[in-house]
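Notes to accompany the following structure.
Read the figures in this text as sums done on the coordinates, not as results from a lab. Please read all numbers here as calculations on a predicted model, not as lab measurements. So basically every Cβ, Gly included, is an ideal-geometry build from the backbone, and we count neighbours across all protein chains shown.
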Amino acid sequence: MLVEIRFSPAMAEAAVGGWKCCTTRGRDLGRRGDEFTIAGVRFRIVQVLRGTLPEVRDMLHEAEGFATPADFEGTWRSLHRGHFPTGIDYWIYFFARCP
């Protein structure tokens, strides 16, 4: 199924450029096998996990397209009015470019 997952311009560039392969969201946006497009490029969700923002920051910041945990947290805060909840499970979508 085709789903909609929106990305900021910088994160869209990171995904299309190949240095971002996961995205963390506060609500359920798709299932394994679902597809979405970024700037005309089609991607497929290959795995969905649940985890907290500190877990994503500390273990998945590079898959999210960031060099450091601080970069991930800073960008998250800038996109979410300064908020960085620590006790909530989020959906973590791993994706790959469709062949």
Complete set of residues in the stretch 14-36 that are in a helix (DSSP H, G or I) and either touching a strand residue (DSSP E or B) at 6+ places or on another chain (Cβ under 9 Å) or exposed (fewer than 11 other Cβ atoms within 10 Å of the Cβ) (or both): 15, 16, 17
Cβ-Cβ under 7 Å pairs, at least 6 apart or on other chains, the stretch 31-51 side touching a residue at least 60 places away in the same chain (Cβ under 8 Å), far side outside any strand (DSSP E or B): 35/98
Qualifying residue in the stretch 50-57 (condition: surrounded by fewer than 18 Cβ atoms within 10 Å (Cβ to Cβ), of a type outside the set (Ser, Thr, Tyr) and closer than 19 Å to residue 99 by Cβ): no
Condition broken by residue 39, with the remaining ones in (1) under 16 Å from residue 12 (Cβ atoms); (2) surrounded by 12 or more Cβ atoms within 10 Å (Cβ to Cβ) satisfied: (2)
Selection count, the stretch 58-79, where residues are touching a helix residue (DSSP H, G or I) at 6+ places or on another chain (Cβ under 6 Å), under 20 Å from residue 13 (Cα atoms) and part of a helix (DSSP H, G or I): 3
